[in-house]
Amino acid sequence: MAIPEGPEVRVETVALDGAGGRQIGPRNRTTALLKDRHDDIQAAVAEAATVLQESAAKLDDSHQWRIRTVEAKFGLTLTAEAGVILSKASAEASFEVTITIERQGS
């Protein structure tokens, strides 16, 4: 999908240390153009949605209770180089995402 031209929108990123841990100090925070990180964000949301759908499909309706929806809420934090960290939704996350899976025919 082509992203329309317009104002430059930037998003905060965090650096990772050699072990893959987040470095959250002020000197370790940078920004990136949001349009340049489009593919990273899209891939992270799609992968999380797939995991949630596959998990929901394995849930068993038992004891006459029926599960109609499953919801997951998480944060996306963009790393400085490339990639995304899925984390607890918080003020540290660049984006907060909620995915709701609803059973068909409910």
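Annotations
- In the set Gln42, Gln104, only one residue is farther than 14 Å from Val14 by Cβ and exposed (fewer than 12 other Cβ atoms within 10 Å of the Cβ); that residue is Gln104.
- For segment 52-69, a residue qualifies if it is in contact with an Asp or Glu (Cβ under 8 Å, 6 or more places away or on another chain) and either buried (at least 17 other Cβ atoms within 10 Å of the Cβ) or assigned to a strand (DSSP E or B) (or both), and exactly one does: Thr69.
- Failed criterion for Leu86 (all others in (1) surrounded by fewer than 16 Cβ atoms within 10 Å (Cβ to Cβ); (2) in contact with an Asp or Glu (Cβ under 9 Å, 6 or more places away or on another chain); (3) modelled with pLDDT under 90 hold): (1)
- Condition check for Thr50 on (1) under 29 Å from Leu16 (Cα atoms); (2) hydroxyl-bearing (Ser, Thr, Tyr); (3) touching a residue at least 24 places away in the same chain (Cβ under 8 Å): one failure, at (3).
The values are calculated or read from the model by the stated rules, or taken from the named source; none is laboratory data. Because the structure is a prediction, the values reported are computed rather than measured. Neighbour counts are summed over all protein chains in view; Cβ atoms, including those assigned to glycine, are modelled from backbone coordinates with ideal geometry.
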